[in-house]
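**Student:** Shown below is the structure under consideration.
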Amino acid sequence: MLIKNDAAGVQAWSLACRAAGLRIGFVPTMGALHGGHAALLRAARAECDRVIASVFVNPLQFGPGEDFAAYPRPFERDKALCAEAGVDLLYHGNPEDFYPPGFRTEVRVRELGETLCGRARPGHFEGVCTVVAKLLLRTFPHRAYFGQKDYQQAAIIRRMAADLDIPAAIAVLPTVREPDGLAMSSRNAYLGPAERAAAPCIFRGLSAALARFAAGERGAGALVGTCRSVIAAEPAAAIEYVAAADAESLREYAVEERIGGRAVLAAAVRFGPARLIDNVLLEP
Ligand code: PAF
């Protein structure tokens with residue numbers, strides 16, 4: 001496995017692969033890799049000739065007071081996991097390489113970044129889009145892989161790639177869960193034992209709402225309320241939001257509205273220092 005940390009080196013390698021007619025799969029990450037990332041790498045390995053993974057904790061997507069400094073950075077472990085998963089090129093970026101002095105550009109996808117997580121994290125999706133646009137223009141993948149746990153992120157990136165004519169297919173793979181339903185996340189490492197025991201309530205709440213949806217309930221207020229009440233029963237859980245939104249536009253449904261088309265039911269919940277997110281699709 002090759003390791004590179006400069007844009008020019010990564011671009012040259014990717015362009016040479018393309019020139020040789022090889023299909024590139026790309027998995028962008030912030031490291032602290034887990035089973036969810038492993039599933040993305042496996043899919044990329046199965047579907048493409050060359051696999052690039054990136055590890056870069058992107059300062060632009062963290063707000064003031066968020067966990068940029070604390071974010072886990074177990075690079076040696078990540079490197080071993082990538083090698084084991086058959087990654088050909090590991091791009092280990094650094095802030096100077098991504099944002100040299102004079103850097104001024106920001107990529108914003110209007111509206112989609114302002115609902116759900118965007119409300120509590122202003123600027124977050126601009127930071128994500130800016131770094132992902134740069135990554136896609138450095139790795140030139142045929143296919144880039146994202147997890148459904150970050151549903152809003154994936155929807156925004158798909159929109160951005162289409163709007164900016166970036167010729168990469170955006171693949172979104174199902175959320176990988178622990179046996180008790182907790183979505184795998186690098187931030188699960190922040191959970192103490194009691195918080196870890198409480199955290200599966202997010203998926204229990206989402207699943208309870210999904211069961212009501214499957215039984216015919218279409219009221220946004222009823223579905224959100226079902227999910228909220230399951231999560232709120234856990235004293236360690238502090239709900240940031242539970243919301244139903246249109247699956248494409250991410251417009252949030254008001255409580256009195258009925259769900260009319262494909263929708264996503266999403267939640268962000270804090271357990272001590274960990275802000276965890278999860279979602280399920282509501283497909284009529
Ligand atoms: O999902 C993540 O880990 C990050 O938001 C991403 C896509 C690697 C951009 O920094």
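**Student:** Do you know which of the residues in the stretch 146-159 that are over 21 Å from Cys48 (Cβ atoms) and either among the polar types (S, T, N, Q) or more than 12 Å from the chain's Cα centre (by Cα) (or both) is farthest from the ligand (Cβ to nearest atom)?
**Tutor:** Per the stated criteria, the residue is Arg159.
**Student:** Out of (1) under 19 Å from Ser249 (Cβ atoms); (2) in a helix (DSSP H, G or I), what's the single condition that is false for Arg138?
**Tutor:** (1) is the only condition that Arg138 fails.
**Student:** Within 16 Å of the ligand (Cβ to nearest atom), modelled with pLDDT of 95 or more, among the β-branched types (Val, Ile, Thr) and buried (at least 16 other Cβ atoms within 10 Å of the Cβ): does that describe Thr139? It would help to see each step written out before you state the result.
**Tutor:** Working: within 16 Å of the ligand (Cβ to nearest atom): yes; modelled with pLDDT of 95 or more: yes; among the β-branched types (Val, Ile, Thr): yes; buried (at least 16 other Cβ atoms within 10 Å of the Cβ): yes.
In short, yes.
**Student:** If a residue must be farther than 19 Å from Ala133 by Cβ and either touching a helix residue (DSSP H, G or I) at 6+ places or on another chain (Cβ under 6 Å) or not hydrophobic (A, V, I, L, M, F, W, C) (or both), how many such residues does the stretch 10-40 contain?
**Tutor:** 9
**Student:** Another question, if that's okay. So, Leu164, is that one among the hydrophobic types (A, V, I, L, M, F, W, C), modelled with pLDDT of 95 or more and away from the ligand (no atom under 11 Å from the Cβ) or not?
**Tutor:** Numbers: among the hydrophobic types (A, V, I, L, M, F, W, C): yes; modelled with pLDDT of 95 or more: yes; away from the ligand (no atom under 11 Å from the Cβ): yes.
Here the answer is yes, as Leu164 does meet what is asked.
**Student:** Being of a type in the set (D, E, K, R), assigned to a helix (DSSP H, G or I) and surrounded by fewer than 18 Cβ atoms within 10 Å (Cβ to Cβ) narrows it down to one residue among Arg158, Arg119; which is it?
**Tutor:** On the way: Arg158 fails: surrounded by fewer than 18 Cβ atoms within 10 Å (Cβ to Cβ).
Exactly one residue qualifies, and that residue is Arg119.
**Student:** With (1) at positive phi; (2) more than 18 Å from the chain's Cα centre (by Cα); (3) surrounded by 15 or more Cβ atoms within 10 Å (Cβ to Cβ) as the list, and Leu89 as the residue in question, which single condition is left unmet?
**Tutor:** Condition (1) is where Leu89 drops out.
**Student:** Kindly list the number of the only condition in (1) surrounded by fewer than 16 Cβ atoms within 10 Å (Cβ to Cβ); (2) more than 24 Å from the chain's Cα centre (by Cα); (3) within 15 Å of Phe213 (Cα to Cα) that fails for Glu256.
**Tutor:** Only one criterion in (1) surrounded by fewer than 16 Cβ atoms within 10 Å (Cβ to Cβ); (2) more than 24 Å from the chain's Cα centre (by Cα); (3) within 15 Å of Phe213 (Cα to Cα) is unmet by Glu256, namely (3).
**Student:** Restricting attention to the stretch 183-193, does a residue exist that is under 27 Å from Phe125 (Cα atoms), part of a strand (DSSP E or B), touching a residue at least 24 places away in the same chain (Cβ under 8 Å) and touching a Lys or Arg at 6+ places or on another chain (Cβ under 9 Å)? Please lay out each step first, then the result.
**Tutor:** Quick first cut of the stretch 183-193, residues under 27 Å from Phe125 (Cα atoms) only: 183-191.
Still in the list and also part of a strand (DSSP E or B): 183.
Going one step further and asking which of them are touching a residue at least 24 places away in the same chain (Cβ under 8 Å), we end up with 183.
Narrowing further to those that are touching a Lys or Arg at 6+ places or on another chain (Cβ under 9 Å): 183.
Yes, the stretch 183-193 contains at least one residue that is under 27 Å from Phe125 (Cα atoms), part of a strand (DSSP E or B), touching a residue at least 24 places away in the same chain (Cβ under 8 Å) and touching a Lys or Arg at 6+ places or on another chain (Cβ under 9 Å).
**Student:** If you check every pair at least six apart or on different chains, which have Cβ atoms under 8 Å apart with a residue in the stretch 243-263 that is acidic (Asp, Glu) first and a residue that is assigned to a loop (DSSP other than H, G, I, E, B) second?
**Tutor:** Every condition considered, the pairs that remain are Asp246/Tyr253; Asp246/Gly261; Asp246/Arg262; Glu248/Arg262; Glu252/Thr115; Glu252/Leu116.
**Student:** For the stretch 204-218, does any single residue satisfy the condition of being touching a residue at least 24 places away in the same chain (Cβ under 8 Å) and assigned to a strand (DSSP E or B)?
**Tutor:** Kept after step one, since they are touching a residue at least 24 places away in the same chain (Cβ under 8 Å), are these residues of the stretch 204-218: 204-207, 209-210, 213, 218.
Those left that are additionally assigned to a strand (DSSP E or B): none.
Scanning the stretch 204-218, I find no residue that is touching a residue at least 24 places away in the same chain (Cβ under 8 Å) and assigned to a strand (DSSP E or B), so the answer is no.
**Student:** How many residues, within the stretch 50-63, are touching a residue at least 40 places away in the same chain (Cβ under 8 Å) and within 12 Å of the ligand (Cβ to nearest atom)?
**Tutor:** If we filter the stretch 50-63 for residues that are touching a residue at least 40 places away in the same chain (Cβ under 8 Å), which is where we start, we get 52, 54, 56, 58-63.
Checking the rest, the ones that are also within 12 Å of the ligand (Cβ to nearest atom) come to 54, 56, 58-62.
Qualifying residue count, the stretch 50-63: 7.
**Student:** For the list (1) closer than 22 Å to Leu191 by Cβ; (2) at pLDDT below 95; (3) small (Gly, Ala, Ser), I need the number of the one condition that Ala32 fails.
**Tutor:** Exception for Ala32: condition (2).
**Student:** Residues to consider are Glu47, Glu66; find the one that is within 13 Å of the ligand (Cβ to nearest atom) and surrounded by fewer than 18 Cβ atoms within 10 Å (Cβ to Cβ). Full working, then the answer.
**Tutor:** Values: Glu47 fails: within 13 Å of the ligand (Cβ to nearest atom).
None of the other options fit; the residue is Glu66.
**Student:** Considering only the stretch 173-191, I want to know if a residue exists there that is of a type outside the set (A, V, I, L, M, F, W, C), touching a Cys at 6+ places or on another chain (Cβ under 7 Å) and within 12 Å of the ligand (Cβ to nearest atom).
**Tutor:** No, there is no match, as no residue in the stretch 173-191 is of a type outside the set (A, V, I, L, M, F, W, C), touching a Cys at 6+ places or on another chain (Cβ under 7 Å) and within 12 Å of the ligand (Cβ to nearest atom).
**Student:** A further question follows. Between residues in the stretch 17-30 that are within 12 Å of Leu136 (Cβ to Cβ) and residues that are within 16 Å of the ligand (Cβ to nearest atom) and part of a loop (DSSP other than H, G, I, E, B), which pairs lie under 6 Å by C-beta distance while being six or more apart or on different chains?
**Tutor:** Correct list of pairs: Ile24/Pro141; Phe26/Pro141.
The values are calculated or read from the model by the stated rules, or taken from the named source; none is laboratory data. For clarity, every value in this text was computed on a predicted model and none was experimentally measured. A quick note on method: Cβ atoms are made from the backbone with ideal geometry, for glycine too, and the neighbour counts reach across all protein chains shown.
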